[in-house]
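Everything below concerns the one structure shown next.
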Amino acid sequence: QVQLAESGGGLVQPGGSLRLSCAASGFTFSSYAMSWYRQAPGKERELVARITSGGRTNYADSVKGRFTISRDNAKNTMYLQMNSLKPEDTAVYYCQWVQYSRTYWGQGTQVTVSS
């Protein structure tokens, strides 16, 4: 069955960096677009970044120039490199895969940016 497993979250000071990973299984990873979402306390889940099967990317305005999404199809893994982190980046980060009308989510990884 489909599994998405995020890792790499943690506590980091403002201005610091983290690299999130999303390990995927149960489908042909290389054939599909993948996305990172995040949800802060009391807020709705929002799109952070997306990468197509061909490697084209797009980002939320709030993270442009600071975050980089990438993928390694040989490892069935997607990444999110997060630099210059801000307190407002604090959230649970999720990877997402959509096939037709069905959406799959990982369990999420907590990112906390605080001094």
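When PHE27 is tested against (1) closer than 22 Å to ARG102 by Cα; (2) assigned to a strand (DSSP E or B), just one condition goes unmet, and that condition is (2).
Hey, among the residues in segment 77-94 that are of a type outside the set (A, V, I, L, M) and touching a Ser or Thr at 6+ places or on another chain (Cβ under 7 Å), which one's surrounded by the fewest Cβ atoms within 10 Å (Cβ to Cβ)? Spell out the reasoning first.
If we filter segment 77-94 for residues that are of a type outside the set (A, V, I, L, M), which is where we start, we get 77, 79, 81, 83-84, 86-90, 93-94.
Keeping just the survivors that are touching a Ser or Thr at 6+ places or on another chain (Cβ under 7 Å) gives 77, 79, 81, 83, 87, 90, 93.
Details: THR77: 18, TYR79: 19, GLN81: 14, ASN83: 14, PRO87: 11, THR90: 17, TYR93: 23.
The extreme case among them is PRO87.
Cβ-Cβ under 7 Å, sequence separation 6+ or interchain: first residue in segment 26-41 and without any contact (Cβ under 8 Å) to a residue 24 or more places away in the chain, partner not aromatic (Phe, Trp, Tyr). Which pairs? Filtered contacts from segment 26-41: SER31/SER53.
Condition check for ARG38 on (1) within 19 Å of GLN99 (Cβ to Cβ); (2) open to solvent by less than 50 Å² (accessible area, probe 1.4 Å); (3) among the charged types (D, E, K, R): one failure, at (1). In this structure, is ARG19 of a type in the set (D, E, K, R) and in contact (Cβ under 8 Å) with a residue 60 or more places away in the chain? Here the answer is yes, as ARG19 does meet what is asked. Whether any residue in segment 42-49 is in contact with a strand residue (DSSP E or B) (Cβ under 7 Å, 6 or more places away or on another chain), surrounded by fewer than 17 Cβ atoms within 10 Å (Cβ to Cβ) and assigned to a loop (DSSP other than H, G, I, E, B) is what I want to check. Looking through segment 42-49, at least one residue is in contact with a strand residue (DSSP E or B) (Cβ under 7 Å, 6 or more places away or on another chain), surrounded by fewer than 17 Cβ atoms within 10 Å (Cβ to Cβ) and assigned to a loop (DSSP other than H, G, I, E, B).
Collect the residues in segment 1-17 that are open to solvent by 30 Å² or more (accessible area, probe 1.4 Å) and out of contact with any helix residue (DSSP H, G or I) (no Cβ under 7 Å at 6 or more places or on another chain), keeping them in residue-number order.
Answer for segment 1-17, where residues must be open to solvent by 30 Å² or more (accessible area, probe 1.4 Å) and out of contact with any helix residue (DSSP H, G or I) (no Cβ under 7 Å at 6 or more places or on another chain): GLN1, VAL2, GLN3, ALA5, SER7, GLY8, GLY9, LEU11, GLN13, GLY15, SER17.
Screening GLY54 with (1) open to solvent by less than 60 Å² (accessible area, probe 1.4 Å); (2) within 27 Å of GLN1 (Cβ to Cβ) gives one miss only, at (1).
The values are calculated or read from the model by the stated rules, or taken from the named source; none is laboratory data. Please read these numbers as outputs of a predicted model, since none were measured by experiment. Because the Cβ atoms are built from the backbone with ideal geometry, glycine has one as well, and the counts that use them run over all protein chains shown. Just so you know, the surface numbers come from the protein's heavy atoms only, side chains and all, with ligands and any DNA or RNA stripped out. Shrake-Rupley method; radii C 1.70, N 1.55, O 1.52, S 1.80 Å.
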